[in-house]
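The values are calculated or read from the model by the stated rules, or taken from the named source; none is laboratory data. All of these numbers come straight from a predicted model, not from anything done at the bench. A quick note on method: Cβ atoms are made from the backbone with ideal geometry, for glycine too, and the neighbour counts reach across all protein chains shown. Calculation scope for accessible area: heavy atoms of the full protein, side chains included, ligands and nucleic acids excluded. Shrake-Rupley method; radii C 1.70, N 1.55, O 1.52, S 1.80 Å.
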Amino acid sequence: MDKLSRRQFLKSSAFTATTIAISTSLSACINNPDKQTLSKVSFNHGVASGDPSSHSVILWTRAQPKEQSDFAQVQWQLAKDPEFKQILRSGVVRTKQNQDFTVKVDVQELSSATHYYYRFMGTDSYSQTGHTLTLPQGNVEQVKLVVVSCSNYPAGYFNAYHDAAQLADVDAVLHLGDYIYEYPMGGYATGKAHEIGRALAADNAKELLNIEDYRKRYALYRTDKGLQALHAAAPFIVVWDDHEVCNDTYKDGAQNHNEGEGDFFVRRAAAIQAYYEWLPIRPPYGEQKPEIYRSFEFGNLLNLYMLDTRLIGRDKQLSYQEYRNADTREIDLKGFLNDLNNTHRTLLGKTQMAWLENAISQSTSQWNMLGQQVLMAKMLIPSEVFAGGELAQTSQRIAVLTSLKEKLAAGVSLSVEEQQRLASVMPYNLDAWDGYPTEREAVYNLFKTHNKPLVVVAGDTHNAWYSQLKDNAGHVIGVEFATPGITSPGMETYLNLDDSNALKVATDLTALIDELEYCNLHQRGYLVVTLTPQQANAQWRFVDNILTEDYGIADTYQVNYPA
């Protein structure tokens, strides 16, 4: 059914085999074209670069015709300097309406570890100037990565993106998904949208279902000044999460998709097409394929593996409600655990897992990083926290249990009942790796077998997390750094916490959850990971405001993980 649906969709949308122009040193020139060969266009959505290698990079823009036309033709330039006095490459590229007038150029045969500047031009207009760089080769002393996720336009301004664009020496931006959200006005995180000037357009205010819906949502998001600034500042390495399609997507469905919304695979194909059009990505298996996993090599210091934990391999998420007796409200724990620990249950899928196994076995880099969406650490919480009463009392239950755990750590004897309250734990998020523990253990065994410490970066939750990763035997396998959301509301909204209570709950959770070392539950921001031969440094940066474009840095937090 998947293949049939995709084929029908591609036929109806006239989806082309490739929309990326290839430029090599032989195919490009630096001559100025006749202005008559170019189109009158606007570059309202900025510029971007992405998927850098040691010798290539993707350049992106959108060229909107100023006059009615089904195509546009623009020139692109690549230079050594921002003034374009030393132009190295130039070419003319055509984009069409069935590409949403997006432009991609794959500039190849470049020098490694080199800074470049680029721009696009029409008959009477220039795009803004973008900066990009290629990946290093050989001995590398530092790699600096900005890590971002979860930007919800109606929820606020993308000030965290803007702040990240001001940083120096950034090698790449890792976007771990939820670049857009599919919800309608009146839905998730839209409560203040009209008040702050972030309402969805009238012709795009419904839930996203078809190709035009997704394209219009990307176009809106790409008008944000902060997002445009970050795209222009550094190359992006991107992967989707669920909201690029719809909430809690899995390999053959989604929580936020029903029969009345049509064929899921047609919707997914539309979402993927729009994603490939609007993001500066080189689709690793072709523009008609949902496989997005790929790797990037930063010399001998870092191998980065971007994984898909959503579309191609994920079995449907388990839900506690499916195991709860309607009369007694008790959970069928035996049935739940049997399903949870099913050895065939997968998040990555066999093909992606085999690809990762092969890549790790061949890696000679000091650091190996998984760039992916959902938390990998075991976030096991005493079951009474979320199953013990009213949601409004959750923070109080956490505080009581934390007090018991602190007493136990101090050598105070607890009653049998109190010990059972602490010992009876459950994963709080079955959408994360906690819902797929057998495959998580397989990933840990892979890194342990090849004696490679694991560094994981994650997004999805809208909150900041730092955890030690331990296998089932309690051995430390690596570390996880999770970025907060750019604007999407976090646990403070779900639990209705003010700032002081959110800080208290964060402190309590760190004490209560064995692998958790730090969390921030109430601030929006981003993560910077800097790798050297000696350590992996993680710095979380939190903005103080998302309701206007005026902001400052409210707080930072930093940890060092030794090599």
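To keep it simple, each residue is scored yes or no on (1) without any contact (Cβ under 8 Å) to a residue 60 or more places away in the chain; (2) in contact with a His (Cβ under 7 Å, 6 or more places away or on another chain).
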residue	(1), (2)
38	no, no
41	no, no
52	no, no
56	no, no
72	yes, no
80	yes, no
133	no, yes
139	no, no
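Quick check on residue 312: is it surrounded by fewer than 22 Cβ atoms within 10 Å (Cβ to Cβ) and either of a type in the set (A, V, I, L, M) or assigned to a helix (DSSP H, G or I) (or both)?
Values: surrounded by fewer than 22 Cβ atoms within 10 Å (Cβ to Cβ): yes; either of a type in the set (A, V, I, L, M) or assigned to a helix (DSSP H, G or I) (or both): yes.
Judged against the criteria, residue 312 is a match.
Name the strands (runs of 3 or more DSSP E) wholly inside region 441-532 in which the number of residues that are in contact (Cβ under 8 Å) with a residue 12 or more places away in the chain and either within 24 Å of residue 424 (Cα to Cα) or out of contact with any Asp or Glu (no Cβ under 9 Å at 6 or more places or on another chain) (or both) is 2 or more. Quick ask: steps written out before the conclusion?
Working: elements: 454-458, 464-470, 476-482, 516-520, 525-531.
It comes to 464-470, 476-482, 516-520, 525-531.
Could you tell me which residue of region 265-286 is nearest to residue 352 (Cα to Cα), considering only residues that are in a loop (DSSP other than H, G, I, E, B) and in contact with a strand residue (DSSP E or B) (Cβ under 8 Å, 6 or more places away or on another chain)? Even if it seems obvious, please write down each step before you answer.
Here is the first cut: in region 265-286, the residues in a loop (DSSP other than H, G, I, E, B) are 279-286.
Narrowing further to those that are in contact with a strand residue (DSSP E or B) (Cβ under 8 Å, 6 or more places away or on another chain): 279-282, 284.
Working: 279: 22, 280: 22, 281: 19, 282: 18, 284: 13 Å.
Selected residue: 284.
Looking only at region 174-191, how many residues end up being assigned to a loop (DSSP other than H, G, I, E, B), open to solvent by less than 10 Å² (accessible area, probe 1.4 Å) and of a type outside the set (A, V, I, L, M, F, W, C)? Full working, then the answer.
Within region 174-191, the first condition is being assigned to a loop (DSSP other than H, G, I, E, B), and the residues that meet it are 176-191.
Of the ones still in play, those that are also open to solvent by less than 10 Å² (accessible area, probe 1.4 Å) are 176-182.
The next check asks that each one be of a type outside the set (A, V, I, L, M, F, W, C); those that pass are 177-179, 181-182.
Selection size over region 174-191: 5.
Is there a residue in region 151-163 that is closer than 28 Å to residue 458 by Cα, open to solvent by 50 Å² or more (accessible area, probe 1.4 Å), part of a loop (DSSP other than H, G, I, E, B) and touching a residue at least 40 places away in the same chain (Cβ under 8 Å)? Spell out the reasoning first.
Looking only at region 151-163, we keep the residues that are closer than 28 Å to residue 458 by Cα, and these are 151-163.
Filter once more, so that each one left must be open to solvent by 50 Å² or more (accessible area, probe 1.4 Å): 162.
Narrowing the set further to residues that are part of a loop (DSSP other than H, G, I, E, B) leaves none.
Checked region 151-163: no residue is closer than 28 Å to residue 458 by Cα, open to solvent by 50 Å² or more (accessible area, probe 1.4 Å), part of a loop (DSSP other than H, G, I, E, B) and touching a residue at least 40 places away in the same chain (Cβ under 8 Å).
For residue 110, indicate whether it is in a loop (DSSP other than H, G, I, E, B) and buried (at least 19 other Cβ atoms within 10 Å of the Cβ). Quick ask: steps written out before the conclusion?
Working: in a loop (DSSP other than H, G, I, E, B): yes; buried (at least 19 other Cβ atoms within 10 Å of the Cβ): yes.
Here the answer is yes, as residue 110 does meet what is asked.
If I filter region 325-378 down to residues being closer than 30 Å to residue 141 by Cβ and assigned to a helix (DSSP H, G or I), which single residue comes out as most open to solvent (accessible area, probe 1.4 Å)?
Initial filter on region 325-378 (closer than 30 Å to residue 141 by Cβ): 355-373, 376-377.
Those left that are additionally assigned to a helix (DSSP H, G or I): 355-362.
Numbers: 355: 56, 356: 0, 357: 83, 358: 82, 359: 24, 360: 0, 361: 58, 362: 122 Å².
Ranking the candidates gives 362 first.
If I ask for residues that are touching a helix residue (DSSP H, G or I) at 6+ places or on another chain (Cβ under 8 Å), within 28 Å of residue 453 (Cβ to Cβ) and polar (S, T, N, Q), which ones from region 286-308 would you list?
Within region 286-308, 295, 303 meet the criteria.
Considering each residue of region 509-533, count those that are of a type in the set (Ser, Thr, Tyr) and touching a Cys at 6+ places or on another chain (Cβ under 9 Å), and give that number.
Going through region 509-533 one residue at a time, the tally reaches 1.
What number of residues in region 538-559 are assigned to a strand (DSSP E or B) and either open to solvent by less than 20 Å² (accessible area, probe 1.4 Å) or more than 21 Å from residue 367 (Cα to Cα) (or both)?
Here is the first cut: in region 538-559, the residues assigned to a strand (DSSP E or B) are 538-543, 553-559.
Pick out the ones that are also either open to solvent by less than 20 Å² (accessible area, probe 1.4 Å) or more than 21 Å from residue 367 (Cα to Cα) (or both) and you get 538, 540-543, 553-557, 559.
Number satisfying all stated conditions: 11.
Which condition number in (1) touching a Cys at 6+ places or on another chain (Cβ under 8 Å); (2) open to solvent by 30 Å² or more (accessible area, probe 1.4 Å) is the one that residue 254 fails?
(2)
Can you pull out every residue in region 323-349 that is free of Cβ contacts under 8 Å to residues at least 12 places away in the same chain, within 30 Å of residue 372 (Cα to Cα) and in contact with a helix residue (DSSP H, G or I) (Cβ under 9 Å, 6 or more places away or on another chain)?
Listed by number, the residues that qualify are 333, 344.
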